[in-house]
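Participant: Sending over a structure as structure tokens; questions will come in a sec.
The values are calculated or read from the model by the stated rules, or taken from the named source; none is laboratory data. In this text the structure is predicted, and so the values were computed from the model without any measurement. Please note: Cβ atoms are built from the backbone with ideal geometry, for glycine as well, and neighbour counts cover all protein chains shown. In case anyone asks, the SASA skips ligands and DNA or RNA and just uses the protein heavy atoms, side chains included. Shrake-Rupley method; radii C 1.70, N 1.55, O 1.52, S 1.80 Å.
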Amino acid sequence: MLSGVRFRVGGMSELQRWVSEAPAGTVWRLTAQGEHRVLPDGVMDLIWWGDRFLFAGPDLAAYTVAYEKPTELWGFRFAPGAAATLLKMPANELLGTSLFDADIPGLPSSAFDAMHRNPEATLHAITQRLWNRVDADRRDLALVASIDRDAHAGLDVRTIADRHNLSERSLRRLSHRAFGYGPKTLASIHRFQRALHLARSGTPLADAAQAAGYADQSHLSRETKRLAGVPLTSLISPAS
């Protein structure tokens, strides 16, 4: 069973998301129009765009995509560490890059026609196929998920390493393989996303900065410019 949740994403974009029984992720649908700024978010997606598949690797900086008319996209958002496991590719090798169609390991040719008939079920089936072709260690995925939760909570590198009985070097190596970058960067991206969510929900910027773990509003502003390339106010305005 798939249950739908709809919420706003930027000005003219809407994202509908389902929690899927397929291993390691979430099915989503996005209706986009106009300019859409894609922000670093600590995740990776398999996306159906028009008549093509796109695997979007991790990002350290924002970029924009323009849609001349309303465009429907479908995708599968991988749980922490799952993309690297299922694609058999370290995430740091995918940093800032995208894979198309035949370059995506394990993508069946039948998926193209199937996406036109039932995209939701097809994405579920693709992910199940990817899962079946690897010898995934669920304990490793659970470890990566736990590291991601700690990074989301804003814990420092030393604390995260100690909580998982890892050296800081081993933690960084694992994080690069699973997320594309180290735990400190992962935590900074989660912190930025948390502040952005609060600001878009109506929380005053100074309060959002404090609640997300920034030293002050100026700190949040600098991090937003570094990660998003634009001021925070432009991300929470109706046109964002």
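Participant: Would you be able to say whether some residue in the range 54-77 is at pLDDT 90 or above and more than 30 Å from residue 223 (Cβ to Cβ)?
Facilitator: Yes, some residue in the range 54-77 is at pLDDT 90 or above and more than 30 Å from residue 223 (Cβ to Cβ).
Participant: Quick check, is residue 119 in contact (Cβ under 8 Å) with a residue 40 or more places away in the chain, over 26 Å from residue 93 (Cβ atoms) and of a type outside the set (Ser, Thr, Tyr)?
Facilitator: Values: in contact (Cβ under 8 Å) with a residue 40 or more places away in the chain: yes; over 26 Å from residue 93 (Cβ atoms): yes; of a type outside the set (Ser, Thr, Tyr): yes.
Against the criterion (in contact (Cβ under 8 Å) with a residue 40 or more places away in the chain, over 26 Å from residue 93 (Cβ atoms) and of a type outside the set (Ser, Thr, Tyr)), residue 119 qualifies.
Participant: Count, please, the residues in the range 86-114 that happen to be open to solvent by less than 60 Å² (accessible area, probe 1.4 Å), over 18 Å from residue 125 (Cβ atoms) and assigned to a helix (DSSP H, G or I).
Facilitator: Number of matching residues: 2.
Participant: Considering only residues of the range 57-77 that are among the hydrophobic types (A, V, I, L, M, F, W, C), open to solvent by 10 Å² or more (accessible area, probe 1.4 Å) and in a strand (DSSP E or B), which is nearest to residue 25 (Cα to Cα)? Spell out the reasoning first.
Facilitator: Taking the range 57-77 first, the residues among the hydrophobic types (A, V, I, L, M, F, W, C) are 60-62, 65-66, 73-74, 76.
Restricting the remaining residues to those that are open to solvent by 10 Å² or more (accessible area, probe 1.4 Å) gives 60-62, 65-66, 74.
Still in the running and in a strand (DSSP E or B): 65-66, 74.
Values: 65: 24, 66: 26, 74: 13 Å.
Per the stated criteria, the residue is 74.
Participant: Among what's in the range 35-52 and is assigned to a strand (DSSP E or B) and touching a residue at least 60 places away in the same chain (Cβ under 8 Å), pick the residue that is nearest to residue 229 (Cα to Cα).
Facilitator: Within the range 35-52, the subset assigned to a strand (DSSP E or B) is 35-38, 45-49, 52.
Filter again for touching a residue at least 60 places away in the same chain (Cβ under 8 Å), leaving 37, 46, 48.
Values: 37: 10, 46: 24, 48: 26 Å.
Applying the filter and picking the extreme gives 37.
Participant: Answer yes if at least one residue in the range 150-157 is surrounded by fewer than 17 Cβ atoms within 10 Å (Cβ to Cβ) and closer than 18 Å to residue 39 by Cα, and no otherwise.
Facilitator: The answer is no, given that none of the residues of the range 150-157 is surrounded by fewer than 17 Cβ atoms within 10 Å (Cβ to Cβ) and closer than 18 Å to residue 39 by Cα.
Participant: Right, something else. With the condition kept exactly as written, say whether any residue in the range 200-209 is at pLDDT below 95, under 20 Å from residue 42 (Cβ atoms) and not aromatic (Phe, Trp, Tyr).
Facilitator: Scanning the range 200-209 turns up at least one residue that is at pLDDT below 95, under 20 Å from residue 42 (Cβ atoms) and not aromatic (Phe, Trp, Tyr).
Participant: Kindly check whether there is at least one residue in the range 166-185 that is under 22 Å from residue 37 (Cα atoms) and either of a type in the set (S, T, N, Q) or open to solvent by 20 Å² or more (accessible area, probe 1.4 Å) (or both). I'd like the intermediate steps shown before the answer.
Facilitator: Taking the range 166-185 and keeping what is under 22 Å from residue 37 (Cα atoms), we get 179-181, 185.
If we keep only those that are either of a type in the set (S, T, N, Q) or open to solvent by 20 Å² or more (accessible area, probe 1.4 Å) (or both) too, we end up with 185.
Yes, the range 166-185 contains a residue that is under 22 Å from residue 37 (Cα atoms) and either of a type in the set (S, T, N, Q) or open to solvent by 20 Å² or more (accessible area, probe 1.4 Å) (or both).
Participant: Kindly provide the set of residues from the range 115-138 that are within 18 Å of the chain's Cα centre (by Cα) and open to solvent by 30 Å² or more (accessible area, probe 1.4 Å), ordered by number.
Facilitator: Answer for the range 115-138, where residues must be within 18 Å of the chain's Cα centre (by Cα) and open to solvent by 30 Å² or more (accessible area, probe 1.4 Å): just 124.
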